[in-house]
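Undergrad: Quick one: the structure is below, questions incoming.
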Amino acid sequence: MLARDMIRRITVPLLGMWLCMVVAPAGAGGDPQAADPPGDAIASAHPLATRAGLQVLAEGGNAFDAAVTVSAVLAVVEPWNSGLGGGGFWLLHRGSDGYQVMIDGREQAPGSARRDMYLGDDGEPVADRSRNGALAAGIPGTAAALAHLAQRYGTLPLPRLLAPAIRIARDGFAVGPAYQDRVQRRESILRRFPETVRIFFDDGFAPEAGWVLRQPELAETLERFAQGGAPGFYAGTTAKRLVAASREAGGIWSLEDFAAYQVKERTPISGTFRGQDADGREQSIRLVSAPPPSSGGIVLLQALNVLADRDRRGPPPVHRVVEAMRLAYRDRARYLGDDDFVTIDTAKLLSPDYAAALRRAISERAMAPDRLPDPLPSSEQGNTTHYSILDRHGNRVAATLSINFPFGSGLTAAGTGVLLNNEMDDFSAAPGRPNVWGLVTGEANSVQPRKRPLSSMSPTFLETDSDLLILGSVGGSRIISQVLQATLAFASGEREPARLVAMPRYHHQYSPDTVFHEPGAFSEAVMADLVARGHHLAPASRRYGNMNAIRFDIRNHRLSAASDPRGEGLASVQLAGKNQNGN
Ligand code: GLY
């Protein structure tokens with residue numbers, strides 16, 4: 001556990017302008033909220049997960065207990081997004097003392113992984129190897145993280161917390177249109193793996209919405225986990241079956257990799273900037289988000305830093321936001337990776353001087369792109385899941401979990417019901433070459449044994465004296481820009497979760513040099529202005545992301561929550577004695 005007194009802070013004086021930053025590259029100590037919330041709230045991507053989590057809270061469990069239940073149910077009801085075969089990040093805040101920490105349950109490269117394992121004989125990356133099948137899968141971290149959450153922060157026994165997931169896996173549930181859509185989009189890959197077709201298809205056909213998915217093998221795997229804790233997954237029957245499935249399919253997993261996997265507690269990235277509340281009063285906003293091996297916190301704060309401009313009042317124009325995204329994603333590509341393996345100069349990346357230098361490079365025209373090879377455009381496939389939880393004691397969880405691509409690597413380990421992730425594609429197969437998200441990364445993110453691939457998952461808290469927002473989203477490289485847009489809206493006084501999660505989105509990730517935008521993201525005038533400045537615009541081929549957010553309006557002692565209208569989720573507030581649904 002990281003001691004509070006180990007926390008380094010770098011601060012500069014507040015200047016009283018919109019978005020002026022007080023940079024604190026690392027910080028684990030949030031302030032306990034002045035008042036406890038009037039109830040509990042959960043916003044997740046699936047109604048069954050939200051309801052199971054609320055039941056745990058109603059029985060006296062805390063937000064961390066509920067997080068275990070919600071994660072496990074999501075693993076069953078959204079098998080294309082997350083699961084025991086994947087990993088994730090859980091950002092926690094303990095109400096009693098304000099302690100904040102990020103649980104890193106990210107997948108880890110197997111011990112025999114090599115930096116050139118995704119290169120063909122010609123030295124070129126072979127995308128199929130890092131994206132599909134056994135070689136694409138890192139050692140999963142979700143089970144280790146859930147056991148750790150329950151043991152260190154929860155109050156209820158693991159078997160109770162996993163019971164809803166076990167029941168739904170065994171009894172089945174009716175899949176929705178999102179399931180149908182993701183199977184169809186990955187069908188040709190999924191058909192390579194007979195066990196996957198046996199479990200996730202309807203008698204060999206891509207299922208329609210309403211079909212009942214039963215996962216008895218996954219129920220048994222969850223049962224072994226419930227009874228045995230982390231060793232019930234990382235040793236014994238489950239580990240042996242997972243390793244055997246990997247090896248049979250040409251993978252390199254070993255039992256030693258499972259024995260070596262450890263969940264890590266990391267100090268969140270945090271920083272403070274100036275914005276305004278819903279009534280236009282200026283106030284200080286603190287952002288707390290994911291540290292490496294996620295890039296989320298650093299990229300978010302760097303972009304906010306670049307936008308912090310003492311000479312400007314009001315929200316920054318879209319052109320400047322796009323340029324800030326471009327610059328922050330460029331540094332992601334250059335410098336970021338698992339900082340257990342590479343040195344990241346976070347203080348420098350987030351220093352006001354560096355931000356000022358980057359800001360000076362922004363002109364009235366779009367910046368000329370650097371000379372990187374043309375990446376593939378992102379295919380914008382929906383994947384990953386995010387949920388937010390707040391309990392009546394002020395405990396919070398923002399968690400983003402993934403198996404990367406929809407249905408991960410496509411390979412289901414026989415006898416376990418566990419779909420293996422394809423998170424190894426988040427490593428740099430070759431410096432400067434794009435991954436499935438069109439993202440380029442460099443040497444800092446090269447494959448190394450037991451290293452964790454750089455992520456974009458960005459579970460985040462926004463805190464002011466009068467408000468708290470718990471948020472995050474899904475969508476690979478586009479997660480960070482979604483959270484940035486929501487943060488900028490929050491800083492402009494928008495506080496309603498329903499509006500924050502529904503906002504039309506736009507995205508620039510440095511390479512490709514393109515501003516992707518959802519319908520309605522820009523007015524005709526803004527679009528014309530961006531084009532005149534030299535930006536390359538492209539409509540997003542589909543609406544993207546699935547944000548789940550909770551707001552605690554401290555001043556008015558009111559809770560609200562919202563689940564993204566793009567998804568099938570449920571946000572719900574549970575006040576003493578009654579339920580108050582969001583959307
Ligand atoms: N697999 C997507 C991410 O971690 O960013």
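The values are calculated or read from the model by the stated rules, or taken from the named source; none is laboratory data. Since we're looking at a predicted model, the values are computed, not measured. Here the Cβ positions follow ideal geometry from the backbone for every residue, glycine too, while neighbour counts run over all protein chains shown. What goes into the accessible areas is simple: the full protein's heavy atoms, side chains included, and nothing from ligands, DNA or RNA. Shrake-Rupley method; radii C 1.70, N 1.55, O 1.52, S 1.80 Å.
Undergrad: May I ask for the net charge around Asp564, where only other residues with Cβ less than 14 Å from the Cβ of Asp564 are counted and Lys, Arg are +1 while Asp, Glu are -1?
TA: +2
Undergrad: I would also like to ask the following. At 1.4 Å probe size, with every protein chain present, just tell me what the per residue accessible area of the chain comes to in Å².
TA: 34 Å²
Undergrad: Once a ≥ b ≥ c are taken as the square roots of the eigenvalues of the Cα gyration tensor of region 271-323, is the result rounded (a/c under 1.5), prolate (a/b larger than b/c) or oblate (a/b not larger than b/c)?
TA: Because a/c hits 1.5 or more and a/b fails to exceed b/c, region 271-323 counts as oblate.
Undergrad: Continuing with the same structure: Quick check on packing: order 84-90, 524-530 by the mean number of other C-beta atoms within 10 Å, highest mean leading.
TA: 84-90, 524-530
Undergrad: Looking at the chain, send over the antiparallel percent of its DSSP beta bridges, to the nearest 5.
TA: In the chain, approximately 95 percent of DSSP beta bridges are antiparallel ones.
Undergrad: Place the peptides 297-305, 433-441 in order of packing, highest mean first, counting for every residue the other Cβ atoms within 10 Å and averaging per peptide.
TA: 297-305, 433-441
Undergrad: Out of the total accessible area of the chain (probe 1.4 Å, heavy atoms of protein only), what percent is carbon and sulfur?
TA: For the chain, the apolar C and S fraction of the accessible surface comes to 50 percent.
Undergrad: Using a 10 Å cut-off on Cβ atoms, rank the peptides 148-157, 541-550 from the highest mean neighbour count down.
TA: Going by the mean number of other Cβ atoms within 10 Å, highest first, we get 541-550, 148-157.
Undergrad: Using only the alpha carbon atoms of region 360-511, find the Kirkwood hydrodynamic radius as the inverse mean reciprocal pair distance, in angstroms to one decimal.
TA: Value: 17.7 Å, from the Cα pair sum.
Undergrad: May I pose another question? Equivalent ellipsoid semi-axes for the chain, as square roots of 5 times the alpha carbon gyration tensor eigenvalues: give them largest first, rounded to whole Å.
TA: 34, 28, 22
Undergrad: Any aspartates and glutamates with Cα under 19 Å of the Lys240 Cα? List them, leaving off those in the same chain fewer than 8 positions away.
TA: Candidates past the 8-residue exclusion: Glu107, Glu195, Glu217, Glu220, Glu223, Glu248, Glu256, Asp257.
Undergrad: Would region 428-583 count as rounded, prolate or oblate if I go by the C-alpha gyration tensor, calling it rounded below 1.5 in a/c and otherwise prolate when a/b exceeds b/c, oblate otherwise?
TA: It is oblate, given that a/c is not under 1.5 and a/b is not larger than b/c.
Undergrad: For a test of the definition: using alpha carbon positions, the gyration tensor, and the 1.5 limit on a/c, classify region 111-241 as rounded, prolate or oblate.
TA: oblate
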